[in-house]
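Data block below; observations after.
The values are calculated or read from the model by the stated rules, or taken from the named source; none is laboratory data. Computed from a predicted structure; not experimentally measured. In this analysis, Cβ positions are derived from the backbone assuming ideal geometry, glycine residues included, and neighbour counts consider all displayed protein chains.
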């Protein structure tokens, strides 16, 4: 391995500087209501017992996220374990546990950034567990008996991590469209969607998703065989008692609030990070030091529009790219929230049946 | 390999745990010395009991014998062959695998030793790894289950068992590898008198069959029951 | 009791076969390094920089470090990033060698990752991205790791109160770190157990890895239950109060001024 595995544990951790502070802030704003609601729903009346279980769950998440999983050929790979944690603990619980694990990773071990913590939590502690749990609950209902548990677990892990990777690709890919200096040089992550989406999705669809799915199946089946009451209890906790369902509707509300916030912040971000930031001095400094001198004709030859030939956007102003990415982002989030709502409905149905 | 005598030979072994956190301060890395010029010889067919107060290094000696730790000074030979970090930590070391088959280690805490979803699979894990034919694996598992009186638990999860039952399973799953040396770290801690009697009987028969046993304990009655040769530490 | 079966009386003639597996060793090495870091708090008497910084309350530093990272992150003018790099390097140079190693290793790892990820961008005309990302990554990571390695984790977590974290969240973080230590050791033990019995070719490695994780989960559950019971027995009523350090002190004021100056300089650089 080329780098110390301790410090760069996961391909999914976005380090600081890869995304703009404004993007980081947007995700912090999205995550705060999610955290509050999930934390409240997990720890409604703060009994010491719940604190201890939450701590153990977060520590388990932390350890699982750094676990090297064997892959064919004798090498090892990092899973993320978000789907596994969601199926074992329940999605709100997983959100809190994984977020605490990510916070400690960032704060105590310098893994993943502090500014990007909101985005990392959004991908790994929110999208991944809720999508995985929703798929699991939904698939368990529609699949025929027999292999349904295993198939549902596999798909939950596979789709969950792939979707989280897709979110990472979107967050990184939007950076060069939004944030460039006057010479067209990317200020943060330099590659656009045409690179980030295939770069994140192909390995996840082909390898990482499969590993995550298999690990989810193996571990959940292990726990189901040895201590089925833990999995069932977790399902009961989230369905049978009254306040939980109100927390779910609260969650849905917060999701719409978050969407609204994103929609509002998008133009704000444009104003704040666009031309308002003075660029004087930058080129002078670069030219003077020769540190990253860019011949003008190359800089002009390679505007971001040239990177996106398929989108036929050449010549259109920046704002189009911005709005395009905002639309994609909001659409993806809407899809995620719709899936969450589905999971909540299904869970209620399961609870009613039980 | 490993067929020489004596079976276990620790000569002038020193060991110190690296004290956590001390390595980034600029001071010399703090080390907590556990063993200092420790010598131990265990012959084949012998039953040896390590006695001594807590924290004297009994577990460390056992971890060194199992090649989980390596002496900071001195030498450890198993069956006449020196056991070194280089040999054991080589990638996919066959040396390590052969050594691990020769020595069975029963941890002090069985909770963190058992990792299979059922007692049957737990016992079958070792023989399956050894690549024995299915029929032979099954025969061994059945023999061991009868030997340790575990028939009732075959399909139960180790997680569900009581402390004493877990310990019995732990001894059983290690013995299914048919090691030359059984190392047991305070095996009677969580055992009641009945379970202790069963484990002692099996271990005695094991020694009588020519195998070697090394245990650490605080209880003199089990030492007497095993007729073990006593090594005092500290 | 049944008598000893005949095969147990015979010495085992066993020759291990080749197997390609490294996940157990990988994980053990990884866990060992992590547990060492979670261990005892570090004395910081050897470095003048850290002695001075330790007088500043962790709450303030938890605001200051992200502020510095945001500034480095947000400024377009690389002048600011290079100035910060110089500051960070000077501070680093004043630390003891072991500490430098502990900080530079993970920081360089992130730099290498940043470089690998961004280097191909020169082919699409993005010449400044590699330099930008690598320099900024080094500043950000070394700031965070220097903070993590010089302030004991319990102070650092208690300092989260200063940034508005509720007591219950801080308490959960505290409990989590303790559990990371406890469960990390359980995991080491489980992996040791797996290693000692993996004497041949494991044709179901993923299954074995999954079992270790599953066993760890059950262990987490048991430990959580025990801790909860112990807390109830000791009269814990679920309320946890984090002591708040006095914020208005001379070192804090100086630190705040330095941070404010840095922000002003960042805005000036643009």
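Run down C:261, C:266 and say which single residue is under 30 Å from the mean Cα position of the chain (by Cα), loosely packed, with under 13 Cβ neighbours inside 10 Å and modelled with pLDDT of 85 or more. Walk me through how you get there before you give the answer.
Working: C:266 fails: loosely packed, with under 13 Cβ neighbours inside 10 Å.
The match here is C:261.
Could you grab me the full set of residues in the range B:88-129 that are in a helix (DSSP H, G or I) and facing chain C (nearest Cβ under 7 Å)? So that I can check it myself, show each step before the final result.
Pass one, the range B:88-129, residues in a helix (DSSP H, G or I): B:88, B:94-102, B:110-112, B:119-129.
Result: B:94, B:97, B:98, B:100, B:101, B:111, B:112, B:125, B:126, B:129.
Being under 18 Å from residue A:100 (Cβ atoms) and either under 24 Å from the mean Cα position of the chain (by Cα) or facing chain A (nearest Cβ under 8 Å) (or both) is true of residue C:183. Just one of the listed residues (B:132, B:177) is touching a residue at least 12 places away in the same chain (Cβ under 8 Å) and either in contact with a helix residue (DSSP H, G or I) (Cβ under 8 Å, 6 or more places away or on another chain) or assigned to a loop (DSSP other than H, G, I, E, B) (or both), and it is B:177. Of everything listed in (1) at the interface with another protein chain (Cβ under 7 Å from one of its Cβ atoms); (2) closer than 18 Å to residue B:128 by Cα, the single unmet condition for residue C:189 is (2).
Would you be able to say whether some residue in the range B:192-201 is in contact with a strand residue (DSSP E or B) (Cβ under 7 Å, 6 or more places away or on another chain), surrounded by fewer than 21 Cβ atoms within 10 Å (Cβ to Cβ) and not in a helix (DSSP H, G or I)? For the range B:192-201, residues in contact with a strand residue (DSSP E or B) (Cβ under 7 Å, 6 or more places away or on another chain), surrounded by fewer than 21 Cβ atoms within 10 Å (Cβ to Cβ) and not in a helix (DSSP H, G or I): absent.
Does residue C:203 satisfy the condition of being more than 30 Å from residue C:66 (Cβ to Cβ) and more than 7 Å from every other protein chain (Cβ to nearest Cβ)? Yes: the conditions hold for residue C:203. Sort through C:90, C:104 and tell me the only one that's under 24 Å from the mean Cα position of the chain (by Cα), within 14 Å of chain B (Cβ to nearest Cβ), over 24 Å from residue A:24 (Cβ atoms) and without any contact (Cβ under 8 Å) to a residue 60 or more places away in the chain. From the options C:90, C:104, the qualifying one is C:104.
Give C:209, C:224 a once-over and let me know the one that is within 7 Å of another protein chain (Cβ to nearest Cβ), at pLDDT 85 or above, under 25 Å from the mean Cα position of the chain (by Cα) and under 20 Å from residue B:107 (Cα atoms). Before the answer, list the steps.
Working: C:224 fails: under 20 Å from residue B:107 (Cα atoms).
Only one candidate qualifies: C:209.
Looking at C:5, C:66, which is the one that is modelled with pLDDT of 85 or more and either within 12 Å of chain B (Cβ to nearest Cβ) or within 30 Å of residue B:102 (Cα to Cα) (or both)?
Numbers: C:66 fails: either within 12 Å of chain B (Cβ to nearest Cβ) or within 30 Å of residue B:102 (Cα to Cα) (or both).
Of C:5, C:66, the one residue that is modelled with pLDDT of 85 or more and either within 12 Å of chain B (Cβ to nearest Cβ) or within 30 Å of residue B:102 (Cα to Cα) (or both) is C:5.
Here are some residues: C:117, C:79. Which one is crowded, with 19+ Cβ neighbours inside 10 Å, more than 23 Å from the chain's Cα centre (by Cα) and assigned to a helix (DSSP H, G or I)?
Working: C:117 fails: more than 23 Å from the chain's Cα centre (by Cα).
Just a single option satisfies the conditions, and that option is C:79.
Of everything in the range C:107-129 that is farther than 16 Å from residue A:199 by Cβ and modelled with pLDDT under 80, the residue that is farthest from the other protein chains (Cβ to nearest Cβ) is C:122.
Residue-by-condition table, conditions (1) within 24 Å of residue A:103 (Cβ to Cβ); (2) within 15 Å of the chain's Cα centre (by Cα):
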site: A:119; (1), (2): yes, yes
site: A:154; (1), (2): no, no
site: A:171; (1), (2): yes, yes
site: A:189; (1), (2): yes, no
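Every condition in (1) modelled with pLDDT of 85 or more; (2) more than 7 Å from every other protein chain (Cβ to nearest Cβ); (3) surrounded by 19 or more Cβ atoms within 10 Å (Cβ to Cβ) is met by residue C:50 except one, and the failing one is (1). Scan the range A:89-135 for residues that are part of a loop (DSSP other than H, G, I, E, B), at the interface with chain C (Cβ under 9 Å from one of its Cβ atoms) and surrounded by 24 or more Cβ atoms within 10 Å (Cβ to Cβ) and report the count. Number satisfying all stated conditions: 4. Of the residues making up the range A:182-192, just one is surrounded by fewer than 23 Cβ atoms within 10 Å (Cβ to Cβ) and either without any contact (Cβ under 8 Å) to a residue 24 or more places away in the chain or out of contact with any helix residue (DSSP H, G or I) (no Cβ under 6 Å at 6 or more places or on another chain) (or both), namely A:182. For residue C:163, the conditions (1) under 19 Å from residue C:60 (Cα atoms); (2) crowded, with 18+ Cβ neighbours inside 10 Å are fulfilled apart from (2).
Is there a residue being modelled with pLDDT of 85 or more, within 9 Å of chain A (Cβ to nearest Cβ) and closer than 22 Å to residue A:113 by Cβ anywhere in the range C:147-155? Write out each step before concluding.
Start the filter on the range C:147-155 by keeping residues that are modelled with pLDDT of 85 or more, which leaves C:147.
Now narrow it down to the ones that are within 9 Å of chain A (Cβ to nearest Cβ): C:147.
Restricting the remaining residues to those that are closer than 22 Å to residue A:113 by Cβ gives C:147.
Within the range C:147-155, one or more residues are modelled with pLDDT of 85 or more, within 9 Å of chain A (Cβ to nearest Cβ) and closer than 22 Å to residue A:113 by Cβ.
Exactly one residue among C:168, C:208, C:203 is surrounded by fewer than 22 Cβ atoms within 10 Å (Cβ to Cβ) and free of Cβ contacts under 8 Å to residues at least 40 places away in the same chain, and that residue is C:203.
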